[in-house]
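Notes for the one structure printed next.
The values are calculated or read from the model by the stated rules, or taken from the named source; none is laboratory data. Predicted model only: the values in this text are computed from it and were never measured. Heads up, the Cβs are rebuilt from the backbone with ideal geometry, glycines too, and the neighbour counts pull from every protein chain shown. Please note that ligands, DNA and RNA were not included when accessible areas were found on the heavy atoms of the full protein model with its side chains. Shrake-Rupley method; radii C 1.70, N 1.55, O 1.52, S 1.80 Å.
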Amino acid sequence: MTAHYAACSCEQLRLWAEGEPVRISVCHCLACQRRTGSAFGFQARFPAERVRVEGRCSEYVRISDAGEARNFHFCPDCGATVYYTAETQPELIAVPVGAFADPAFPAPRISVWESRQHPWVGLPEDVQHEHH
Ligand SMILES: [Zn+2]
Ligand SMILES: [Zn+2]
């Protein structure tokens, strides 16, 4: 199986995910905009048992609008988030797709929080819209 390699900006914190992601989504919510510094978050989720992490990380827990804890793991040196987990789905690990630095990474299949979408953002025509 192929391993997708992800890392923070300084590559101190590194991650390998085996096989294909089970979910690839974009999220337009304001919390994702703040976290990424971009117009939306773009993430791929893998089963936790297929993910291996090396390096030091710091954690930040944010409570979502639905009251669930999201635990962000980021490099203490450069600050880039390399993965995060949700307490309601401990079996999955989400990786910001930018951390793979791979323009050939598959497109998102699901789009979330479109009420907060920047109006110029274009998405694949067959993307599924998930409502909140
Ligand atoms: Zn780093
Ligand atoms: Zn979001």
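Restricted to region 57-132, the set of strands (runs of 3 or more DSSP E) holding at least 1 residues that are without any contact (Cβ under 8 Å) to a residue 40 or more places away in the chain comprises 58-63, 69-74, 81-86, 128-130.
Taking the condition of being of a type in the set (A, V, I, L, M) and open to solvent by 30 Å² or more (accessible area, probe 1.4 Å), how many residues in region 57-91 meet it? Looking only at that region, the number is 3. Tallying residues that are in contact with a Pro (Cβ under 9 Å, 6 or more places away or on another chain) and either polar (S, T, N, Q) or within 16 Å of ligand 2 (Cβ to nearest atom) (or both) within region 1-14 yields 1.
Condition first: open to solvent by 60 Å² or more (accessible area, probe 1.4 Å) and of a type in the set (A, V, I, L, M, F, W, C). Now tell me which residues in region 4-14 satisfy that. Correct list: C10 only. Scanning region 15-56 for residues that are more than 9 Å from ligand 2 (Cβ to nearest atom), touching a helix residue (DSSP H, G or I) at 6+ places or on another chain (Cβ under 7 Å), closer than 15 Å to G98 by Cα and open to solvent by 20 Å² or more (accessible area, probe 1.4 Å) gives a single hit, F42. Pairing each residue of region 1-23 that is under 13 Å from P47 (Cα atoms) with any residue that is of a type in the set (A, V, I, L, M) and assigned to a loop (DSSP other than H, G, I, E, B), provided the two are 6+ apart or on different chains, yields C-beta distances under 7 Å for E18/M1; G19/M1.
Report, by residue number, each residue of region 93-116 that is within 15 Å of ligand 2 (Cβ to nearest atom) and touching a Ser or Thr at 6+ places or on another chain (Cβ under 8 Å). Hits for region 93-116 are A94, P96, G98, P108, I110, S111, V112.
Scanning region 1-28 for residues that are modelled with pLDDT of 95 or more and either outside any strand (DSSP E or B) or over 22 Å from A104 (Cα atoms) (or both) returns C8, S9, C10, E11, Q12, L13, G19, E20, P21, V22, H28. Scanning region 32-56 for residues that are within 16 Å of ligand 1 (Cβ to nearest atom) and not in a strand (DSSP E or B) yields R35, T36, G37, G55, R56.
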